[in-house]
Amino acid sequence: MPLELAVCDYPEHVSRAEWLTFPARMKALGLEYVRIGEFAWSKLEPRAGEFHWDWLDEAIEALHAAGLKVVLGTPTATPPAWLIRAHPDILPVDVHGRVREFGSRRHYDYSSDVYWRESARIVTALTTRYGQHPAVVGWQTDNEHGCHDTTRSYSTQALEKFRGWLERKYSSIAGLNDAWGTAFWSQEYNDFSEIALHNLTVTEPNPSQVLDFNRFASDQLIAYDRMQTEIIRAHSPGRWVTHNFMIFFADFDHYKAAEHLDFVTWDNYPTGMLEFFAPPSTGEALKLEFARTGHPDFVAFNHDIYRGLKQKPFWVMEQQCGQVNWSTYNPLPANGAVKLWTLQAIAHGADVVSYFRWQAAREAQELYHSGLLRFDGTPDRGHNEVAAIAPKLALLEDALLPNKVVLLHDYESLWAYDVQKHGQNASYWAQVMHYYTALRELGVDVDIKHPMSDLSAYSVIVAPALNIVSTDEAANLESCVQRGAQLLIGCRSGFRQPTGAVWAARAPGPLAVLAGVKVKNFDSLRPGLTSRVEALDMSFETHTWNESLEIISDDVQILGTYFSDPLYDEAAVTTRPLGAGSVTYNGVWSDQLLRRLLPLMLSRAGVAHDLLPHGVRLTTRGTLTYAQNWTRGGVALELPAGTEFVIGTNLLEPYGVSVYRLPQ
Ligand code: GAL
């Protein structure tokens, strides 16, 4: 696959005469694909059954004539007003039990049969008309499923569907009572019809019920997307189908959602998301430092997740190319940021980077959002950076080789962890990012996979927060360790069974026989409350979460011991040989300790690593290394003689990227 650039555009937002000047300019900029149509339902069908195809016919023809390929979006994220008025029960119900009204977007309930039927109707009409057009190379279903908190609706339709889902899952109500532990607080049911939704309970709802509701809502969303995909495939043979996922979005199981797609895409808004995801411990300082670029690891982590879903190249369907409009603060990106983001995406496995959007919107909700063009059609800052990058893509390589290190991630653990965080500063993502960032600071390339996937090729397996662990997952990990992998398990892993209840034999559940330890006590720490651990001949401060460990196997070596109350003298970090590999359990949350522990494991596995200068990241794709400077100062790279530079030199400019091939 060639590495290419694309753009999102909205012919329905400007006059025909103005829009017809765009395709030639897009092509001249070096763009190859244009995504259109994903919100255009009211323009395509202004009244029930009355279709206006002329404008889209003309737009597709004009793009085709300019030599551009078209990605068509199905417009189901925006059901039009006439449809909502005819069928108000399409509207979703929020967590407070209120109907979410028409007037923005994503105002539909995945449980609405009417909406499934109407969606099938518009997707059939659209794909019948354009499915075989030579310019149309692929389809995007809907837009950002689940965005604006829309995966879960608390409507009566959702309740009915949930009851049916539970009945299919448990067969008998006794099975459900048992799995949910409903003896607690007298929550036992005699019949599935007695079950209510959990959104308006007096205090905490049953966490196993919440977990099942999340699974149900996820399954329903995926089935809806599959329905659209099947219609597209029937009418548009030979074209691919994808969906655009979001940064750190976790309200549905993306591994399952990706199964029916040809490849995945995601929408990358690095500065906007920094405001939401900077961990509380370092939050404000981090937000200031990376305000104009976003944080390298938050972005890279999402690239790695989306590459991992299907273990193949992905697209960035919407790439920020100026300021966004929706975050808490919306600074202009740094000079060079668009180039940095584009090359970072390619380095992590993107084959196509598609900018959002061509021209800034002059009306409505997003008029503070940049495009490649300003309101008047003059090139904006992002446009100039894209013009500089486009000719360089031919110098890069598309090959994608597996890495040696894999980090395990799954959505059910996230749901279970976050429903009972047991500490405001703890969260699934924060714990996972703690490990990911430490690996990236050491210059290590990381694959991200589900614990049930084939992990046999990895030398190092990092499992930061598998809160739910099944016996099958434990068996999968054990076989990798027996064959020689170094496994690192983070605290709070193996705490729960798939039902959501704890493993009665204590954490880490079925991982205990691998690690040779059991958790004795866990300790949730408020900000400022810390403990000390002596490990690897040093003393470390720990925060957020501590666990003390009981040793259950003679061959366990204690690497770290508490040196402060209340866990004084108890084991905190252990390691144990197993088969040809080893299992290390890290019971604490300590940035410095992790930065000592990981190199030990990487060295055991023979994985090269070296602490990088602050704000510098390395990523390898094919035989090329992409060195990225996410700081506002210059950085000199020390590289061996014979290094061949494809882009840049060994002097990294502020926010600069150099791409090079090391001597063999
Ligand atoms: C995305 C969305 C786009 C646009 C963009 C603005 O989440 O898919 O339609 O709203 O954000 O940044």
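Quick note: the coordinates plus some simple rules give every number you see, no bench work behind them. Nothing here was measured: the structure is a model prediction, and the numbers come from that model. Using ideal geometry, Cβ is built from the backbone for each residue, glycine included, and neighbour counts are taken over all protein chains shown.
Using only helices, what value at 222 nm comes out for the chain when you add -39,500 (n - 2.57) per DSSP H run of length 4 or more and divide by the total residues, to the nearest 500 deg cm²/dmol?
When only DSSP H runs of four or more count, the value is -9500 deg cm²/dmol.
Which Cα, out of T544, A475, A515, lies furthest along the positive dipole direction of region 405-605 (beta carbon charges, K/R +1, D/E -1)?
T544
Go through 417-424, 591-598 and give me the packing order, highest mean Cβ count within 10 Å leading.
Sorting 417-424, 591-598 by mean packing, highest first, produces 591-598, 417-424.
With Kirkwood's inverse mean 1/r over C-alpha pairs for Rh, give me the Rg to Rh ratio of region 616-661, two decimals please. Before the final figure, lay out each step's value.
Numbers: Rg = 9.8 Å, Rh = 10.5 Å.
Radius of gyration relative to Kirkwood radius: 0.94.
Which order do the peptides 342-353, 400-411 take when ranked by the mean count of other beta-carbon atoms within 10 Å per residue, highest first?
Result, highest mean Cβ count within 10 Å first: 342-353, 400-411.
Apply the Kirkwood formula to region 61-173: the hydrodynamic radius equals the inverse of the mean of 1/r over all pairs of different alpha-carbon atoms; give it in Å with one decimal.
Working: mean 1/r = 0.0624 Å⁻¹.
One over the average 1/r among Cα pairs gives 16.0 Å for region 61-173.
So, R0 is 45 Å and r is the distance between the beta-carbons of N190 and S104; what FRET efficiency does that work out to, to 0.05?
After rounding to 0.05, the efficiency reads 0.60.
In what sequence do F522, F495, F184 fall when counting other Cβ within 10 Å, fewest first?
F184, F522, F495
Please work out whether region 144-249 counts as rounded, prolate or oblate from its C-alpha gyration tensor, where a ≥ b ≥ c are the square roots of the eigenvalues and a/c under 1.5 means rounded, while otherwise a/b larger than b/c means prolate and anything else oblate?
Prolate shape, in that a/c is at least 1.5 and a/b is the bigger ratio.
Can you give the extra length, in nm with one decimal, that the chain gains between D149 and A81 once fully stretched, where that is 0.36 nm per residue apart less the Cα-Cα distance?
22.4 nm
When the dipole is taken about the Cα centre of region 187-237, and only Lys, Arg (+1) and Asp, Glu (-1) are charged at their Cβ, what size is it in debye, to the nearest 20?
I would put it at about 360 debye.
Which of K421/K518; K404/K449; K169/K449; K310/K404; K43/K161; K169/K421 have a Cα-Cα distance over 23 Å? Display every interim value, and only then the final one.
Working: K421/K518 20 Å; K404/K449 12 Å; K169/K449 26 Å; K310/K404 17 Å; K43/K161 32 Å; K169/K421 27 Å.
Over 23 Å Cα-Cα: K169/K449; K43/K161; K169/K421.
Within region 99-116, whose backbone N sits under 19 Å from a point 7 Å along Cα→Cβ of E230?
Correct set: 110-116.
Assigning unit charges at the beta carbon (Lys, Arg +1; Asp, Glu -1) and nothing else, what dipole magnitude in debye, to the nearest 20, does the chain show about its Cα centre?
840 debye
What nm value, rounded to one decimal, do you get for the distance between T378 and S539 when each label is placed 7 Å out toward the C-beta?
It is 6.2 nm.
Have a look at N214, W266, G146 and report the one farthest towards the positive end of the charge dipole of region 122-272, computed about the Cα centre with Cβ charges (Lys/Arg +1, Asp/Glu -1).
Farthest towards the positive end: W266.
Which of the peptides 150-156, 299-305, 79-85 is most tightly packed, and how do the rest follow, judged by the mean count of other Cβ atoms within 10 Å per residue?
299-305, 150-156, 79-85
If the only charges are +1 at each Lys and Arg Cβ and -1 at each Asp and Glu Cβ, what is the size of the charge dipole of region 405-605 around the Cα centre, to the nearest 20 debye?
Values: 15 positive and 22 negative charges, 25 e Å.
Here region 405-605 has a charge dipole of around 120 debye.
Calculate the all-directions average of the projected area of region 405-605's alpha-carbon convex hull, and give it in nm².
Reported value for the Cα convex hull: 9.9 nm².
Residues of region 352-395 with the amide nitrogen closer than 15 Å to a label point 7 Å from the Cα of L332, along Cα-to-Cβ, please.
369-375, 379-385
I want to verify the translational diffusion coefficient of the chain in µm²/s; compute it with Stokes-Einstein, Rh as the Kirkwood radius over Cα pairs, at 25 °C and 0.890 mPa s.
Result for D is 93 µm²/s.
Would you mind classifying region 560-653 by shape? Square roots of the alpha carbon gyration tensor eigenvalues, ordered a ≥ b ≥ c; an a/c under 1.5 is rounded, otherwise it is prolate if a/b is larger than b/c and oblate if not.
Oblate, because a/c is 1.5 or more while a/b does not exceed b/c.
Among T124, G97, Q157, pick out the residue whose Cα is farthest towards the positive end of the charge dipole of region 88-202, where Lys and Arg carry +1 and Asp and Glu carry -1 on C-beta, about the Cα centre.
So the residue furthest toward the plus end is T124.
Please find the FRET efficiency linking R506 to S453, where r is the Cβ-Cβ separation and R0 is fixed at 30 Å, and quote it to the nearest 0.05.
On the way: r = 27 Å, r/R0 = 0.90.
So the FRET efficiency works out to roughly 0.65.
Work out which GluC sites (Glu not before Pro) in the chain are exposed loop sites (DSSP not H, G, I, E or B, at most 13 other Cβ within 10 Å) and give the longest gap free of them.
Value returned for the longest uninterrupted segment is 364-637.
Under a plain spin-label model, where a point goes 7 Å from the Cα along Cα-to-Cβ, how far apart in nm are T203 and D178?
2.9 nm
So how much slack lies between E160 and L611, counting 0.36 nm per residue of separation and subtracting their Cα-Cα distance, in nm? If you can, show how the numbers build up before the last one.
Working: separation 451, 0.36 × 451 = 162.36 nm, distance 5.41 nm.
So the extension gain works out to 156.9 nm.
Hey, with R₀ at 30 Å, roughly what FRET efficiency would D94 and Y368 work out to, going by the Cβ-Cβ distance, to 0.05? Spell out each step's value before the answer.
Numbers: r = 26 Å, r/R0 = 0.85.
The calculated FRET efficiency here is 0.70.
From the square roots a ≥ b ≥ c of the eigenvalues of the alpha-carbon gyration tensor of region 483-547, which class results: rounded (a/c under 1.5), prolate (a/b over b/c), or oblate?
Details: a/c = 2.56, a/b = 1.33, b/c = 1.93.
Oblate.
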